[in-house]
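> Handing you a structure now.
The values are calculated or read from the model by the stated rules, or taken from the named source; none is laboratory data. On a predicted model such as this, the values are computed, not experimentally measured, just so you know. Glycine also receives a Cβ, built like all others from the backbone with ideal geometry; neighbour counts cover every protein chain displayed. Accessible surface is based on the protein model in full, side chains and every heavy atom, while ligands, DNA and RNA are left aside. Shrake-Rupley method; radii C 1.70, N 1.55, O 1.52, S 1.80 Å.
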Amino acid sequence: MQEVALLFNVKDKVQIEAIKAAFFLIKVPTRVIPRERYRATLKEMAKNVFKEPPDKTQKQELDGQMIIFVDLLERKLYKVLDLMHNDPRCGSSLYKAILTKTNQKWDAFTLLEELKKEHAAMHRINKKE
């Protein structure tokens, strides 16, 4: 697969442009995934090749913003994370994930729920320390 960043449920134009600018600096394209594609597999989204047509009846929105990094080199990943962290326009509430062999078969809703569980578990561990 080619390097790409997939954006989910990011609607603010300033935020989208700031995120796209960060990825532009590391020469990685971004793609905003429409709600009609949320039930497709993440692999289909990453390749931008779908088995099914868009689900125009899909009304459910994700209850969080998310970005998926597809095939980014480690140095590019750290660079873009640093760029986004230092630009408040990118927002601080984005859930972030890397496309893996395990999650590539999931849809956006499944991934977001897993990210929320991981996030909650990490916060519980940090509070204990």
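> Please count how many residues of region 17-40 are among the hydroxyl-bearing types (Ser, Thr, Tyr) and in contact (Cβ under 8 Å) with a residue 40 or more places away in the chain.
The total comes to 1.
> Could you grab the pairs with beta carbons closer than 7 Å, sequence gap of 6+ or different chains, first residue in region 89-107 and more than 24 Å from residue 12 (Cα to Cα) and open to solvent by 90 Å² or more (accessible area, probe 1.4 Å), second one of a type outside the set (Lys, Arg) and modelled with pLDDT of 95 or more?
Note: pairs meeting the criteria are 105/41.
> I'd like to verify a number: residues in region 49-72 that are in a loop (DSSP other than H, G, I, E, B) and either touching a residue at least 40 places away in the same chain (Cβ under 8 Å) or buried (at least 17 other Cβ atoms within 10 Å of the Cβ) (or both), how many?
7
> Quickly run through region 26-58 and pick out the residues that are over 20 Å from residue 3 (Cβ atoms) and among the aromatic types (Phe, Trp, Tyr).
Scanning region 26-58 gives a single hit, 38.
> Kindly evaluate residue 66 against the criterion of being within 13 Å of the chain's Cα centre (by Cα), modelled with pLDDT of 95 or more and farther than 22 Å from residue 119 by Cα.
No.
> Here's something else I'd like to know. Taking region 24-44 as the region of interest, how many residues are open to solvent by less than 40 Å² (accessible area, probe 1.4 Å), closer than 19 Å to residue 13 by Cβ and not aliphatic (A, V, I, L, M)?
1
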